[in-house]
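Quick note: the coordinates plus some simple rules give every number you see, no bench work behind them. Computed from a predicted model, the values in this text were never measured in an experiment. Quick reminder, even Gly has a Cβ in these numbers, built from the backbone with ideal geometry, and neighbours come from all protein chains shown.
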Amino acid sequence: MKSVEQIELAVSRKLWLEQKHEEFRKAKLRRTSRVMAVRALLLVFLFALWETAARAGWIDTLLFSSPGRVFRHIWADLSGGSLWPHLSVTVGETIIGFLLGTLLGTLLAVVIWWSPFLSAVLDPYMVVFNSMPKVALGPIFIVMFGAGFTAIVITTLSITVIITTLVVYNSFCSVDPNLVKVVRSFGASRVQEFNKVILPASFPAIVSTLKVNVGMSWVGVIVGEFLVAKSGLGYLIIYGFQVFNFTLVMSSLLIIAAVATAMYQLVVYVEKLILSRR
Amino acid sequence: MLPLVQLKGVTHAYLGDREAMLAIEDLHLTVDKGEFVSLVGPSGCGKTTLLSIISGLLQPSRGEVYVGGHPVSEPSAEIGYMLQQDYLLPWRTILNNALLGLELTGSLNDETRRHTLSLLKELGLEGKEEAFPSELSGGMRQRVALVRTLATGPKLLLLDEPFSALDYQIKLQLEDLVAETLLRRGTTAILVTHDLAEAIAVSSRVILLQPNPGRVRRIFTVPEAIRSAPPLYARDLPGFAELFHTVWKEMEIAGREE
């Protein structure tokens with residue numbers, strides 16, 4: 001008889017727990033959907049306000065354009081095919097600048113980790129170069145590499161490399177010294193120390209610099225295009241500004257926002273993929 | 001028989017920007033094969049420094065260290081080192097953590113792998129091979145660290161307060177396990193601890209160091225009855241409390257003299 005009571009108790013407990021869990025999940029879902037709804041409404045409201053302001057003449061459409069014009073412009077450019085070359089040039093430059101910047105920055109971090117002497121020697125140079133507004137170097141890059149693709153990528157690298165180096169080197173140095181002591185006590189070489197402990201322990205930091213570098217690369221590329229380009233989204237913005245076509249400027253901005261977000265999300269996805277295995 | 005560990009006139013100074021500080025001066029010590037020796041003493045007497053020197057992680061400023069007849073110049077898998085905490089690599093599974101030493105010394109093969117698996121089993125970690133360190137309790141993790149150290153088959157084991165970060169109950173259990181495991185394998189061990197009762201319960205000799213600078217003050221030999229009893233029961237044996245008080249008093253004096 002007693003066992004029947006116990007089973008009943010277990011069943012009722014299980015039901016109660018399930019019910020509680022279900023309530024919790026529903027509450028969470030309700031909150032999430034509320035956030036999404038308000039988010040979407042806010043976006044629609046801002047565009048509606050912009051459109052209304054433009055139509056009612058509160059703002060000068062020559063300067064601020066209007067959502068209708070911007071979207072019509074984007075659509076025309078997309079379907080007409082005139083946007084694609086610009087878009088692919090800019091995205092190409094950004095991806096190359098991003099990958100090279102991260103790679104070179106990490107490599108430089110490895111080199112100065114390897115040689116504490118070199119690290120001490122280079123330290124003030126890195127500080128100076130890091131605090132410098134790299135955009136000011138633009139003209140020099142143009143003179144050195146010609147007004148084109150290379151100068152733009154170099155401008156991007158000048159922005160991304162040093163900060164990557166600093167962040168990654170810092171994470172190398174902040175690895176728990178006791179983990180290093182463990183491998184050293186087995187007689188590990190410096191290569192082994194790096195491969196087995198320093199690098200894997202710094203992986204999260206390296207991946208999070210990827211996220212920073214996506215944004216940095218966009219800054220570098222757009223500024224580079226402002227300075228030299230004959231094509232690309234940065235060029236479109238400058239061109240639109242010069243001929244006073246602000247619909248073109250706004251359209252380019254909107255496209256940059258969309259593509260940059262997509263790239264950022266891609267990096268976040270890669271980060272999750274890499275870090276989920278630990 | 002040649003002692004396994006020989007320290008001859010070991011002196012070590014820490015060099016800083018402001019001053020050079022003498023941590024250990026003219027220290028002589030021998031440990032025989034199969035012995036379990038404890039180093040105790042007030043803080044600042046150079047216990048951990050001494051352990052680092054024996055392991056080869058630290059080069060003494062003066063003097064010589066021999067393990068198994070060879071001078072120690074760098075760390076090797078012959079000398080196992082266990083730290084205060086487990087320091088398992090969080091991105092590796094338990095098995096891969098346990099295999100770390102074998103990987104680093106290039107001696108990972110089917111046989112050593114099987115041996116490591118059996119060690120894990122021996123220390124009650126069967127079924128946890130594929131788990132990650134974060135999924136294990138502190139006591140289990142420290143046992144994995146012990147397997148990691150034993151897997152390379154060290155002749156000498158250096159234990160740097162390996163039980164100090166654990167709950168009291170787990171600490172007692174682990175003391176038992178470690179003492180028993182080492183005894184069975186005939187591994188020589190040097191334990192650094194601040195817990196006198198632990199030192200007396202697990203070891204055959206207790207070496208009391210004095211600070212400023214660190215040197216051997218007195219060596220106590222633990223009676224056979226206490227030595228051969230499991231650490232948990234050794235604490236209740238007659239003679240244990242007396243020895244504890246003798247060592248305690250001597251340590252008090254050593255600490256006050258500085």
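Computed about the Cα centre, the dipole magnitude for region A:41-187 is approximately 140 debye when only Lys and Arg (+1) and Asp and Glu (-1) carry charge, each at its Cβ. Just the number, please: Stokes-Einstein D of region B:101-239 in µm²/s, Kirkwood Rh from C-alpha pairs, 20 °C, 1.002 mPa s. Stokes-Einstein gives a translational diffusion coefficient of 130 µm²/s. Three principal axis extents describe the C-alpha atoms of region A:171-247; from largest down they are 69, 18, 13 Å.
Quick one: angle between helix B:168-185 and the longest Cα principal axis of chain B, in degrees between 0 and 90, rounded to 10, please. It is inclined by approximately 80 degrees. Using a cut-off of 14 Å between alpha-carbon atoms, which aspartates and glutamates can reach residue A:230, once sequence neighbours fewer than 8 places away in the same chain are excluded? Partners found: A:93. The per residue volume of the convex hull around the alpha-carbon atoms of region A:98-174 is 87 Å³. Counted over the protein assembly as shown, the DSSP beta bridges are approximately 55% antiparallel. Between region B:17-87 and region B:239-257, the C-alpha centres lie 23 angstrom from each other.
Comparing A:101, A:68, A:209 along the charge dipole axis of chain A, the residue lying farthest to the positive side is A:209, per the Cβ-charge model.
Percent of C-alpha pairs per 5 Å bin in region B:11-159, short distances first: 2, 9, 17, 18, 16, 14, 11, 8, 4, 1, 0. Over the C-alpha trace of region A:57-158, radius of gyration and Dmax come out as 20.5, 65 angstrom. Residues whose amide H comes within less than 5 Å of that of residue B:203, counting only those at least five positions distant or on another chain, are absent (H built at 1.01 Å from N in the peptide plane). Build a GNM of chain B with springs between Cα atoms under 10 Å apart, and of B:212, B:109, B:96 the one that fluctuates most is B:109.
Within straight-line reach of residue A:211, meaning a Cα separation under 20 Å, sit the following lysines at least 8 residues removed in sequence or on another chain: A:134, A:272. The loop-placed GluC sites (Glu not before Pro) in region B:1-50, going by DSSP, that have at most 12 neighbouring Cβ atoms within 10 Å of their Cβ come out as B:19. Normalised size of region A:203-278, defined as Cα radius of gyration per 2.2 N^0.38 Å with N residues, equals 1.37. Panel order for B:82, B:140, B:21, by other beta carbons found within 10 Å of each beta carbon, from fewest to most: B:21, B:140, B:82.
When chain A is treated as a GNM with alpha-carbon contacts under 10 Å, the residue of A:128, A:249, A:11 showing the greatest mean-square fluctuation is A:11.
Averaging over all projection directions, the Cα-based convex hull of chain B occupies 14.6 nm² in the image plane.
The ranking of A:216, A:263 by Cβ neighbour count inside 10 Å, starting from the fewest, reads A:263, A:216. Within region A:27-72, list the chymotrypsin sites (Phe, Trp or Tyr not before Pro) lying in a DSSP loop whose Cβ has at most 14 other Cβ atoms in a 10 Å radius. Hits after loop and neighbour filter: A:58. Which log10 I(q)/I(0) values does region A:91-229 give at q = 0.09, 0.15, 0.16, 0.18 Å⁻¹ under the Debye formula, counting every alpha carbon as one identical point scatterer? Debye curve over Cα of region A:91-229, log10 I(q)/I(0) at q = 0.09, 0.15, 0.16, 0.18 Å⁻¹: -0.32, -0.75, -0.82, -0.96.
With an a/c value of 1.5 or above and a/b larger than b/c for the gyration tensor axes a ≥ b ≥ c computed over the alpha-carbon atoms, region A:147-278 is described as prolate.
Computed over the alpha-carbon pairs of region B:110-188, the distance histogram in 10 Å steps reads 17, 54, 28, 2 percent, short to long.
For region A:16-65, the convex hull spanned by the alpha carbon atoms encloses 52 Å³ per residue.
For region A:138-240, applying the loop criterion from DSSP together with a ceiling of 15 other beta carbons within 10 Å to the trypsin sites (Lys or Arg not before Pro) yields A:230.
Over chain A, dividing the summed -39,500 (n - 2.57) contributions of all DSSP H runs of at least 4 residues by the number of residues returns a 222 nm mean residue ellipticity of -29500 deg cm²/dmol.
For residue B:33, the lysines whose Cα comes closer than 30 Å to its Cα, not counting residues fewer than 8 places off in the same chain, are A:181, B:8, B:47, B:121, B:155, B:171, B:249.
The Rg/Rh ratio of region B:4-99, with Rg taken over Cα atoms and Rh as the Kirkwood radius over Cα pairs, comes to 1.02.
Take the alpha carbon gyration tensor of region B:177-258, find the square roots of its eigenvalues, order them as a ≥ b ≥ c, and report rounded if a/c is under 1.5; if not, report prolate when a/b exceeds b/c, else oblate. It comes out oblate by the Cα gyration axes. Using R0 = 51 Å, the C-beta based FRET efficiency linking residue A:131 and residue A:52 works out to 0.70. As a proxy for reagent exposure, ranking B:160, B:167 by other Cβ atoms within 10 Å from fewest up yields B:167, B:160. About its Cα centre, chain B has a charge dipole of approximately 280 debye under the convention of +1 per Lys or Arg Cβ and -1 per Asp or Glu Cβ, with nothing else charged.
Across the alpha-carbon atoms of the protein assembly as shown, the computed radius of gyration and Dmax are 33.3, 103 angstrom. Shape of region B:44-131 from its Cα gyration tensor (a ≥ b ≥ c, root eigenvalues): rounded if a/c is under 1.5, otherwise prolate when a/b > b/c, or oblate? Since a/c reaches 1.5 and a/b is larger than b/c, the shape of region B:44-131 is classed as prolate.
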